[in-house]
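Peer 1: My questions will all concern the structure given below.
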Amino acid sequence: MTHAHPELSAPAELPAGALRVTPLGGLGEIGRNMTVFEYDGRLLIVDCGVLFPEENHPGVDLILPDWSSFRDRLDDIEALVLTHGHEDHIGATPYLLRERGDIPLVGSKLTLALLGNKLREHRLRETVHHVVSEGDKIAFGPFDLEFVAVNHSIPDALAVAIRTGAGLVLHTGDFKMDQLPLDGRITDLNAFARLGDEGVDLFMTDSTNAEVPGFTTAEKSIGPVLDRVFHQSSQRIIVACFASHVHRVQQVLDAAVSHGRKVGYVGRSMVRNMAIAQELGYLTVPPGVVVDAKELADLPAEKTVLICTGSQGEPLSALSRIAQRTHNFVHLEEGDTVVLASSMIPGNENAIYRVINGLSRWGANVVHKGNANVHVSGHASAGELLYCYNIVKPRNVLPVHGEIRHMQANAALAKATGVPAEHVVIAEDGVVVDLVDGKAQIAGKVDCGYVFVDGSNVGGITEAQLKDRRILGEEGFISVITVVDLSGGKVLSGPEIHARGFGEDDKVFDEIKPAIIDALNKLLADGTDDQHQLQQAVRRVVGRWVGNKHRRRPMIIPVVVEA
């Protein structure tokens, strides 16, 4: 099995007739999915998603893939293929289109409808759209594409088969093999087998659930659980889930209808996405069931359901504001039931439990995956992946979409079905894999870091600045201003000390002021007139004192002013 190594150098020129695969996101992490395929001097991109920030990314709104290694080749892009409409697969597309606005976009009807709304939000004009569905074939330059239906936690997901002179690649996108899907649209294993018989040279498979044994539970299994929750609830019900989970919302709507409740959507993305899904026929809503959420206040609590965003504990989401009692029209009452109908994305656990505790504090009955079967995954478990390997019979395997442990588990499954270890490649973001003469091999590495979005600032935030933000948030901030007479060799005024994170009273620093004055006077008496040296002396004195007394390492900003 081939592993990626951090000391890899830049890849050599692509050999004639070879296919180059460069993942720019989604390998080694959950989210930010983006892969660039290169053949005969032309590029094809599959997915262009975002990663949502964690607690160690203060002030960051989104994290984008780093396509700087291809920035001078944007004109070589033939098309951008989007496998499905989740944010971690389409969310970065507007930022790419800012750099080249006429890249043809390829995807299913729902995927492109959700993206279209996003492009309008970014005030980008509609570029060329190619709406495709399962069974469709379309060519872009040297890339012949065929689309295959796959089942996922959002309707209209597609796998894509990519044919070039170097061979056939099958990219699953995110998928599972639910045999009883709500929309009746199952993963097309017949197409997988047919492509396998043709000869799949590189199989790129979703790794997210590769560590989970067996088969992923059917989405329909949630229906009876929701029905029981509705039956037991005598007050208002609030359900939080992803704003794109049309099947989950459908089941909540079905339960509401059977229990005689009206439904209101809360959260801009939820309102927008469900309107699109209903308009395109992916969501079935009986007349009169869905009303404006503000109108629910006029109805008896036991006749209402709110469906909102915020199942991951996002601080500005509807559910977080409800938990903090700061929402402008939803006010939680003791005895209300809140259902968190989603998974816990790794890294979000603390934020989610903070919301659960906030809801519980006000007397809400909180139902979540930890105490009820109110969520099933959208990804294939180990049994499904084994099944796919056996029918596809790939020559080479590149696990995608997952953390390192997920990809390694996926690789082990491939080997268990007979794929030779030397034909299973584990790569990470930026690691280049070439398909040459039917063999996949690591060819090098391109620069591929995080691109942070902070408001309208894209890519302007560095890791060093984030470290400063973390220090400010966790350890505090101290500024020390002192006026000195360099010619006279003495401190004239100060130090004036202001701090954040040490209580409201700056008098706590009075005891350190004499030590600061002594340190400065000593340097000045020795003839030191370099302001940087004087400021460093102040930083050392204050840092040592704060470390000993408060066990803290705050950001210290010393300012020494010459009179």
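The values are calculated or read from the model by the stated rules, or taken from the named source; none is laboratory data. Computed from a prediction, not measured in an experiment: that's the story for all the values here. Positions of Cβ are generated from backbone atoms using ideal geometry, with glycine treated the same way; all protein chains shown enter the neighbour counts.
Results for (1) at pLDDT 95 or above; (2) among the aromatic types (Phe, Trp, Tyr); (3) surrounded by 23 or more Cβ atoms within 10 Å (Cβ to Cβ); (4) in contact with a Lys or Arg (Cβ under 7 Å, 6 or more places away or on another chain), shown as yes or no for each residue.
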residue: 411; (1), (2), (3), (4): yes, no, yes, no
residue: 415; (1), (2), (3), (4): yes, no, no, no
residue: 421; (1), (2), (3), (4): yes, no, no, yes
residue: 431; (1), (2), (3), (4): yes, no, yes, yes
residue: 436; (1), (2), (3), (4): yes, no, no, no
residue: 447; (1), (2), (3), (4): no, no, no, no
residue: 450; (1), (2), (3), (4): no, yes, no, no
residue: 456; (1), (2), (3), (4): no, no, no, no
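For (1) in the same structural domain as residue 193 (by TED's automatic domain parsing); (2) touching a Phe, Trp or Tyr at 6+ places or on another chain (Cβ under 6 Å); (3) assigned to a helix (DSSP H, G or I), each residue gets a yes or a no:
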residue: 345; (1), (2), (3): no, no, no
residue: 358; (1), (2), (3): no, no, yes
residue: 387; (1), (2), (3): yes, no, yes
residue: 405; (1), (2), (3): yes, no, yes
residue: 411; (1), (2), (3): yes, no, yes
residue: 443; (1), (2), (3): yes, no, no
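Peer 1: Quick check on residue 284: is it assigned to a loop (DSSP other than H, G, I, E, B), among the polar types (S, T, N, Q), surrounded by fewer than 16 Cβ atoms within 10 Å (Cβ to Cβ) and under 27 Å from the mean Cα position of the chain (by Cα)?
Peer 2: no
Peer 1: Based on this model, can you work out whether residue 61 counts as of a type in the set (Asp, Glu), at pLDDT below 95 and either crowded, with 23+ Cβ neighbours inside 10 Å or over 23 Å from residue 407 (Cα atoms) (or both)?
Peer 2: yes
Peer 1: Kindly evaluate residue 330 against the criterion of being in a loop (DSSP other than H, G, I, E, B), farther than 24 Å from residue 84 by Cβ and in contact with a helix residue (DSSP H, G or I) (Cβ under 6 Å, 6 or more places away or on another chain).
Peer 2: yes
Peer 1: Checking residue 354 against (1) under 30 Å from residue 405 (Cβ atoms); (2) within 19 Å of the chain's Cα centre (by Cα); (3) touching a residue at least 40 places away in the same chain (Cβ under 8 Å); (4) assigned to a helix (DSSP H, G or I): exactly one of these is not met. Which one?
Peer 2: Failing condition for residue 354: (2).
Peer 1: So which residues in the stretch 101-119 are over 18 Å from residue 280 (Cα atoms) and either modelled with pLDDT of 95 or more or buried (at least 22 other Cβ atoms within 10 Å of the Cβ) (or both), if there are any at all?
Peer 2: If the condition is that a residue be over 18 Å from residue 280 (Cα atoms) and either modelled with pLDDT of 95 or more or buried (at least 22 other Cβ atoms within 10 Å of the Cβ) (or both), then 103, 104, 105 are the ones that fit.
Peer 1: Filter the stretch 253-270 down to residues that are surrounded by 18 or more Cβ atoms within 10 Å (Cβ to Cβ) and in contact with a Phe, Trp or Tyr (Cβ under 8 Å, 6 or more places away or on another chain), then give me how many there are.
Peer 2: Result for the stretch 253-270: 3.
Peer 1: Going through 193, 161, 149 one at a time, which residue ends up being within 21 Å of residue 277 (Cα to Cα) and of a type in the set (Gly, Ala, Ser)?
Peer 2: 149
Conditions (1) more than 30 Å from the chain's Cα centre (by Cα); (2) modelled with pLDDT of 95 or more; (3) basic (Lys, Arg); (4) outside the structural domain of residue 318 (by TED's automatic domain parsing), marked per residue:
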residue	(1), (2), (3), (4)
235	yes, no, no, no
240	no, no, no, no
270	no, no, no, no
280	no, yes, no, no
288	yes, no, no, no
292	no, no, no, no
301	yes, no, no, no
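Peer 1: Only one of these is more than 30 Å from the chain's Cα centre (by Cα), modelled with pLDDT of 95 or more and not basic (Lys, Arg): 189, 253, 195. Name it.
Peer 2: 195
Peer 1: Any idea which of (1) at pLDDT 95 or above; (2) charged (D, E, K, R); (3) over 23 Å from residue 244 (Cβ atoms) is the one residue 66 doesn't satisfy?
Peer 2: (1) is the only condition that residue 66 fails.
Peer 1: Search the stretch 516-538 for residues being farther than 13 Å from residue 494 by Cβ and in contact (Cβ under 8 Å) with a residue 24 or more places away in the chain, and hand back the single one that is surrounded by the most Cβ atoms within 10 Å (Cβ to Cβ).
Peer 2: It comes out as 524.
Peer 1: Picking from 217, 208, 172, which residue would you name as being touching a Ser or Thr at 6+ places or on another chain (Cβ under 9 Å), of a type outside the set (A, V, I, L, M, F, W, C) and over 26 Å from residue 432 (Cβ atoms)?
Peer 2: 217
Peer 1: Is it fair to say residue 429 is part of a loop (DSSP other than H, G, I, E, B) and under 17 Å from residue 27 (Cβ atoms)?
Peer 2: For residue 429, the condition - part of a loop (DSSP other than H, G, I, E, B) and under 17 Å from residue 27 (Cβ atoms) - is met.
Peer 1: I'm trying to understand the selection: among the residues of the stretch 65-77, which are surrounded by fewer than 20 Cβ atoms within 10 Å (Cβ to Cβ), in contact with a strand residue (DSSP E or B) (Cβ under 8 Å, 6 or more places away or on another chain) and closer than 20 Å to residue 128 by Cα?
Peer 2: Matches in the stretch 65-77: 73, 76.
Peer 1: Looking at (1) in a helix (DSSP H, G or I); (2) crowded, with 21+ Cβ neighbours inside 10 Å, find the lone condition where residue 302 falls short.
Peer 2: Against the list (1) in a helix (DSSP H, G or I); (2) crowded, with 21+ Cβ neighbours inside 10 Å, residue 302 comes up short only on (2).
Peer 1: Have a look at 317, 311, 381, 342 and point out the one that is modelled with pLDDT under 85, within 23 Å of residue 221 (Cα to Cα), surrounded by 19 or more Cβ atoms within 10 Å (Cβ to Cβ) and among the hydroxyl-bearing types (Ser, Thr, Tyr).
Peer 2: 311
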